[in-house]
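Notes follow once the structure below has been shown.
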Amino acid sequence: MEAEKYAGKILILATETCAYPGADAVGQGHQSYPANTYLLRVKDPVLFPEKFYLDCFAKGVAGIIIMSCGVESPYPGSYEALARRIDRVYPLMKAKGLDIRRLRLTAICTVCTRAFVNEVRQMHDLVSELGPPGRE
Amino acid sequence: MGVQQNLKFDALVLGGGIAGLEAALNLAEQDFSVAVVEKDASIGGKMIRLSKVFPTLDCSSCITTPKMAAAAHHPKVTLLTYCELQSLERRGDELVALITQKPRYVDLEKCIGCRQCEYQCPVLVPDAEQGGLAARKAIYIPFSNAIPQKALIDPENCILCGRCEKVCPTQAVDFFQKVEDFTLTAATAVIATGFEMMPLEDKVQYGQGQIPDVITALQMERLLAPHGPYNRVLRPYDGKEPDSVAFIQCAGSRDQSMGVPYCSRVCCMYAIKQAMLLSGSLPLADLTVYYLDIRAFGKGYEQFFQNAQAMGVNFVKGKVAYVEPGEGGAVRLRYESQEAEGGVQVVEHDLVVLSLGLLPGWTPGASCALSTGADNFIKTVKPKLAPALTELSGVFVAGAASGPKDIVDSIVEAGAAAMEACRYLAARGFKAAG
Amino acid sequence: MAKKKKKTEPAPEAKVGVYVCHCGGNISDAVEVDQVCQHARRVPGVVVARDNMFLCSDPCQEMIIEDLKSGLVDRVVVASCSPSLHEATFRRALARAGANPYVYEHANLREQVSWVHHGAAATEKASRLVAAAAAKARLLRPLESIRVEVQRQAVVIGGGVAGLKAALELGERGLAVVLVEKSPFLGGQVAQLQRLAPFGETAAEVISELTGAVLKHPAITVHTCAEVEDFAGYIGNFKIKVVRQSPAGAVYADRLARLSRSGRGLGEYVPFVGVMPAAIPEGREEFDLEAGAIVLATGFRPYQPRAGEYGYRDFPEVVTLPELIRQLAAAEGAGDTLVLNGRLIRQAALIHCVGSRQIPGVHAENEGGYLNEYCSRTCCSATLYAANQIREQYPKTRIFDFYRDIRTYGRGQEELYTEAARNGTLFFRFEAGEEPQVSRNPHRTSNPLLVKVRDVLTFGEELEVPVDLVVLAVGQEPNDIAHLVENLKIPVGADRFLQEVHPKLRPVEVSVAGILLAGTCQAPFDVGETCAAAGAAAVKAAAILTRGYVELDPFVAEVDLSRCVGTGACVEACLAEGALALVNLEVEGQMVRRAQVNPALCLGCGACVAVCPENAINVQGWTLKQYEAMVDMIVSDEYLEERAEG
């Protein structure tokens, strides 16, 4: 099962109104992307505290892509609150010796299929290069 | 062929575009049963086919799909797609519609939308959903976010090779499906039949569709859509990125010679929007809009127009008289300038978009006792106090069926039409079955 | 309102059933479904894992229902196509089995696995997603949709066309309506007009029809001279304090004088006044109203030009379009030249976009430091209608029309433009920032005013037009409703009009649920558009009111009182005004401050969840613990066969 090349697990937090249907659209187009990606459907990623991200890395998750609705969030103000939180997560990651590029905040819409695949590929390349979390 | 069955609803909504869906959902939210009769194989109307929408630049699919899904899942809403209205008449307290179910040649109940048939089908046909700029198969799901996600066969192009039938895991393909007529009775109806864009072929002065790099605004929508035919903006003639793009406004509107003296109301804003989106995808391209009057009248529209000017989109006051092929795929325009020295100017652009006017999506003709205005759109009888009221008691109209209208105005009107229909039902003792 | 007293700890007895779909090969061609089932059986809490060719088919739904009914399972995971297609289908199946539809979790193995991945990697991913779904399912609890009882009455604020129309629609729908109007009159700004563009209906017929129906409607109560003083509550249960008293100052003196001159009585339409339905109250009266929904129809006021703007106030011959309409109604004589106030009007200039389409850096700010950047939408047609009316009635009066763009967009409007061109109205086009200049005509013998313009239509020629009258086509500005805005906590846009949630998704709703927008409080509209907006607002209000209750998704925040220590962090983070508050509660005999959710207002976004130091607040059905359990399963290798054997 173990591949020669490290393919750490990438967690994707995808909003149910934007990025989740966007990922479905990628599927409908049969555009393949790396399989080390695990997509969790969320109402809004503003729900997750700083600790959640750090815990994920501690558990061995190699990269996290937050796919929000951006400023088109159905919850007015949530994107701004989320962005502020992520800004607070970065120094905490640094303190733990984690490369902050392992956590990425994006906005993906229901038909943003290319953007979805690009984000996934970039994170995949990054975690392959960095190796398991905490070893960079 | 005999009439197969009779369906009964509180309300009939004719047209499953954004206005029809909004009207249906509003009726259903008051617990009235609603049938949505849609001529296409998917609901969603014109809006689901757009890239982004003005003035917010929201992705159109992201705004349309929630309403499409809400209608599809609502227990009080029944979607009847790929159905053509034959007649609609009042019989006493009831409206009786005779409807034809066109054959999909695929069993709607059995099909699971897996597209195996589509992959196996050897026939390639220009895909109208992509403005004819990409291909589809002879058996196909209309487009990626179609509802229902069910296949249909295009009998004009099917070669009856049977591969789809063999590969279908649910035996849903049925080459022997027939046209079926049925009647549908309802107490009230909302006409939301929308618009069609004027055919490119109609405008002699603009090349009648024979110049490859003269395209329609709907084709430009597809070029700009993230899931469009090329995944980026290329001109059809040689697949090059255009360095200069022109928009010709009032192409077939405000034009007596075309029989369309009215303003089509949305073209200014969609052209400005397309120019803005192009300035994002082709940052170096020159973008020019040739116009008579910019009609940016809705909420936030004028500010949107001012932003486009600030972003460097050129707005040239002048009526384009003639469009002809230029060198190497270029398009030559002759226009009467209202600026600087004026006079007739000749310019070349790599790609020209015609902001074509809007025509009615449906005209009742003999099928129904509704009449139309001089503009051929459904006539309303009380445009000030009750804009949804038609000549026929219990029949209301919403959206572009009663004249060109943008999405916001169509949605608001659909709410008003649904309100009229609800109170019409309430006055006739219809109790919402809540 | 539903009261919930549930613990948030997992149910140890949870029995999860996992059902994996082949989708006729769509999933099983890329994913080893057998293996996924085998893996699933090793996941804690999973009691059964089955696969089938088509799970969505009736027999398979029956199979799941049987498993639930027999007590074999009490949590369900379906792994099939996207939840957008069949989540609702399977939730309904659970309901048919007599189970709670919310003890269900979906794993997306088609759009997000088999259609995008291949080989062993696809199967591994499928197994992990199914395990994650099962881990979440194990922590799911039954949820009830939130039912909010509704006061079956609507309050409409504003008695212009929008308010009257909304009230009438709701009354006709059989719902109780109270209409509150600040002034002594019904009819709003439309009553200040004569004939309406483009079709020429009279304001009298439009307003009389509405007020006639409203005032005699048994379900509608009208209060004039009444203002909203205070406001509390939420969707379904608003409480509004209204004060009714004689209007302060002499704001309505002109209209009251017109009314008394007219000799008409209460309830009758008087031009440029409207309809006064009741006498002005003597004293001050306060009363409370309850409402399930509120329709705001506070309307607009015409832009008032600054002194000196286009010569306004400097020259008596410069008037606004509403002023012209009043003067036209009183115009004397039937000659072929217009006479206003005893003055012969041989030449008149109409200037568009006064107080509209103002551009930062080009135009001077209005008093109050703002610009009206928007188009007022109605003035082009109204102006051309007036031009045509004058040309038709007084053919010797010449009209000069100064415009930037003619925006006759609507049905019947382009015809006004064509007609104006046909009847000899002369058009001059100016650029923004090069507005026509109005000055005293130095040649005292001829027309008193001179309009100078650089005309685009003649390629920038500087033209001077001597005229007897200048008419300013003034735009629409929102009424000053600062007090109401503050009380109701509703958002206002940069254009100072009330702001809808989303122009397409929710065009007549504001961020406060249950409050709806009708007409020109939202943006400039003409009468037909206003009535459409009023109908749209009414249909949303009716949806809230007709059932007597509203049912909301159960996915809202829930406080775990065993954990809450009352830090208030959640209240601060909350994005929905009023959805969370700290309240005094008795816990084990002691009064303490604890967070409390108003499920009717909670949006379920989870902004509160992230900030609680005790994880004492969670969104039902989407808890942090559930997400953590999912991540644990995604990173775990324990249930994968190879690992277990190796």
Neighbouring partner chain Cβ atoms per residue of A:67-78, average, 10 Å criterion: 4
Which parts of the stretch B:310-324 would a label at residue B:204 reach, counting a residue when its backbone N lies under 16 Å from a point 7 Å out along Cα-to-Cβ? B:321-324
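Sorted by average packing, counted as other Cβ atoms within 10 angstrom per residue and highest first, what order do B:210-216, C:285-291, A:40-46, C:81-87 take? Present the calculation step by step, with values, prior to reporting the outcome.
Numbers: B:210-216: 19.9, C:285-291: 16.3, A:40-46: 24.4, C:81-87: 22.4.
Those peptides, ordered most packed to least, come out A:40-46, C:81-87, B:210-216, C:285-291.
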Quick check: pseudo-label points 7 Å beyond the Cα along Cα→Cβ at residue C:232 and residue B:319, how many nm apart are they? 6.5 nm
Hits for chain B under the membrane-span-like helix rule (DSSP H, Cα axial span at least 24 Å, Kyte-Doolittle mean at least -0.5) are B:407-427
Take the Cα radius of gyration of chain C and divide it by 2.2 N^0.38 Å, with N its residue count; two decimals is plenty. 1.29
Scoring the stretch C:303-475 by relative contact order with C-alpha pairs under 8 Å, at least six apart, yields a percentage of 30 percent
Cα extents of the protein assembly as shown along the principal axes, largest first, in whole Å, come to 110, 84, 72
Integer Hz, Karplus 6.51/-1.76/1.60 couplings in order for the stretch C:188-198, x for Gly and Pro: x, 5, 5, 5, 8, 10, 10, 10, 9, 6, x
How far is helix C:624-635 tilted, in degrees, relative to the longest principal axis of the Cα atoms in chain C, given as a value from 0 to 90 rounded to the nearest 10? 60 degrees
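Cα gyration tensor of the stretch A:9-130, axes a ≥ b ≥ c as square roots of the eigenvalues: rounded (a/c below 1.5), prolate (a/b > b/c) or oblate? Show your work: numbers first, answer last.
Values: a/c = 2.09, a/b = 1.16, b/c = 1.80.
Cα axes put the stretch A:9-130 in the oblate bin.
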Rounded to whole angstrom, the alpha-carbon centroid of the stretch C:55-126 lies from that of the stretch B:328-343 at a distance of 62 Å
Spacing of the two label points (7 Å from each Cα toward its C-beta) at residue C:66 and residue C:13, in nm: 2.4 nm
Cα→Cβ-extended label distance, 7 Å offset, between residue C:329 and residue B:91, nm: 5.1 nm
Given the pairs B:46/B:273; B:150/B:240; B:384/B:405; C:241/C:489; A:43/C:136, which span a C-alpha to C-alpha distance of over 26 angstrom in this model? B:150/B:240
Between residue C:266 and residue C:432, what is the FRET efficiency for a Förster distance of 51 Å, r being their Cβ-Cβ separation, to the nearest 0.05? 0.60
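Rounded, prolate or oblate, given the Cα gyration tensor of the stretch B:199-357, with a/c below 1.5 counting as rounded?
On the way: a/c = 1.29, a/b = 1.05, b/c = 1.22.
Judged from the Cα gyration tensor, the stretch B:199-357 comes out rounded (a/c under 1.5).
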Quick check for you: which residues of the stretch C:165-201 have the amide N under 11 Å from the point 7 Å beyond the Cα of residue C:393 toward its beta carbon? C:194-195
Relative contact order (%) - chain C, alpha-carbon pairs under 8 angstrom, separation at least six: 14 percent
So for C:284, A:121, B:332, fewest C-beta neighbours within 10 Å to most, what's the order? C:284, A:121, B:332
Computed for the stretch A:9-130: size of charge dipole around the Cα centre, +1 on C-beta of each Lys and Arg, -1 on C-beta of each Asp and Glu, debye to nearest 20, value 340 debye
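Please state, as a whole number in µm²/s, the translational diffusion coefficient that the Stokes-Einstein equation yields for the stretch B:116-167 at 20 °C and 1.002 mPa s, with Rh defined as the Kirkwood radius across alpha carbon pairs. Please report the intermediate quantities before stating the final value.
Numbers: Rh = 11.2 Å.
D = 191 µm²/s.
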Qualifying GluC sites (Glu not before Pro) for the stretch B:132-206 [loop in DSSP, other Cβ within 10 Å: at most 11]: B:156
Mind checking the mean number of beta-carbon atoms from other chains within 10 Å of the Cβ atoms in C:523-531? 5
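Just subtract the alpha-carbon distance of residue C:144 and residue C:364 from 0.36 nm times their residue separation and send over the number in nm, one decimal. Mind showing how you got there, number by number?
Details: separation 220, 0.36 × 220 = 79.20 nm, distance 5.70 nm.
My answer for the length gained is 73.5 nm.
Let me make sure I get this right: for the stretch C:303-475, a, b and c are the square roots of the gyration tensor eigenvalues over alpha carbons, sorted descending. Under 1.5 in a/c it's rounded, otherwise prolate if a/b > b/c, else oblate. Which is it? Can you show the working numbers first?
Details: a/c = 1.43, a/b = 1.22, b/c = 1.17.
Judged from the Cα gyration tensor, the stretch C:303-475 comes out rounded (a/c under 1.5).
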Treat the count of other C-beta atoms within 10 Å as a stand-in for reagent exposure and order C:622, B:362, C:115 from fewest to most. C:622, B:362, C:115
Can you spot the aspartates and glutamates whose alpha carbon is less than 12 Å from residue C:452's alpha carbon? Ignore those fewer than 8 places along the same chain. C:434, C:435, C:461, C:462, C:464
Show log10 I(q)/I(0) for the stretch C:13-144 at q = 0.10 Å⁻¹, two decimals, from a solvent-free Debye sum over equal Cα scatterers. -0.26
Reachable aspartates and glutamates from residue A:51, Cα under 17 Å, same-chain residues fewer than 8 places away excluded? A:87, A:99, C:614, C:628, C:632
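So what is the relative contact order for the stretch B:96-206, in percent, with contacts set as C-alpha pairs under 8 Å and at least six apart?
Details: 148 pairs, mean separation 42.6, N = 111.
Averaging sequence separation for qualifying contacts and normalising by length gives 38 percent for the stretch B:96-206.
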Amide proton proximity set for residue B:13, modelled H, under 5 Å, gap of 5+: B:35, B:36, B:37, B:190
√(5λ) per eigenvalue of the Cα gyration tensor, the stretch C:423-475, largest first, Å: 19, 13, 12
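How much length is gained if the chain between residue C:88 and residue C:301 is pulled fully straight, taking 0.36 nm per residue apart and subtracting their Cα-Cα distance, in nm to one decimal?
Values: separation 213, 0.36 × 213 = 76.68 nm, distance 4.81 nm.
Here the segment from residue C:88 to residue C:301 would lengthen by 71.9 nm.
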Report the calculated FRET efficiency for residue C:337 and residue C:421 (r = Cβ-Cβ distance, R0 = 22 Å), to the nearest 0.05. 0.55
Give the long-range amide H neighbours of residue C:449: residues separated by 5 or more places, or on another chain, with amide H under 5 Å away, using H modelled in the peptide plane at 1.01 Å from N. C:441, C:467
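Out of the GluC sites (Glu not before Pro) in the stretch B:8-116, which ones are loop residues according to DSSP with at most 11 other C-beta atoms within 10 Å? Present the calculation step by step, with values, prior to reporting the outcome.
Details: sites: B:22, B:29, B:38, B:84, B:89, B:94, B:109; in loops: B:29, B:38, B:109.
Filter output for the stretch B:8-116: B:109.
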Report, in whole Å, the centroid distance computed from the Cα atoms of the stretch B:279-302 and the stretch B:145-186. 42 Å
Under the Karplus relation with 6.51, -1.76 and 1.60 and θ = phi - 60°, whole-Hz ³J(HN,Hα) for the stretch C:239-255, x at Gly and Pro, equal 10, 10, 9, 10, 10, 10, 7, 5, x, 6, x, 10, 3, 9, 4, 4, 5
Alpha-carbon Debye profile of chain B, log10 I(q)/I(0) at 0.07, 0.12 Å⁻¹: -0.37, -1.05
Apply the Karplus parameterisation 6.51 cos²θ - 1.76 cosθ + 1.60, with θ equal to phi minus 60°, to every residue of the stretch A:6-11 and state each ³J(HN,Hα) to the nearest whole Hz, in sequence, with x for glycine and proline. 5, 10, x, 6, 10, 9
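Ranked by Cβ crowding within 10 angstrom, fewest neighbours first, how are B:257, B:367, B:144 ordered?
Working: B:257 10, B:367 16, B:144 19.
Least to most surrounded, the residues fall as B:257, B:367, B:144.
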Divide by every residue of the protein assembly as shown the summed helix terms, -39500 (n - 2.57) for each DSSP H run of at least 4, and state the resulting mean residue ellipticity at 222 nm, rounded to the nearest 500 deg cm²/dmol. -8000 deg cm²/dmol
Take the alpha carbon atoms of the stretch B:269-357, find their radius of gyration, then divide it by 2.2 N^0.38 Å using N residues; give the quotient. 1.11
Would you grab the residues whose amide H sits under 5 Å from the one on residue A:39? Only those 5+ places off in sequence or on another chain, please, with H modelled 1.01 Å from N. A:12
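What FRET efficiency do you get for residue C:278 and residue C:199 if R0 is 41 Å and r is their Cβ-Cβ distance, rounded to the nearest 0.05? If you can, show how the numbers build up before the last one.
On the way: r = 32 Å, r/R0 = 0.78.
With R0 = 41 Å, the Cβ-Cβ based efficiency is 0.80.
Every read-out reported here was derived from the displayed coordinates using simple, explicitly stated rules and does not represent laboratory data. Being a predicted model, the structure only gives us computed values, none of them experimental. Backbone-built Cβ (ideal geometry, glycine too); neighbour counts: all protein chains shown.
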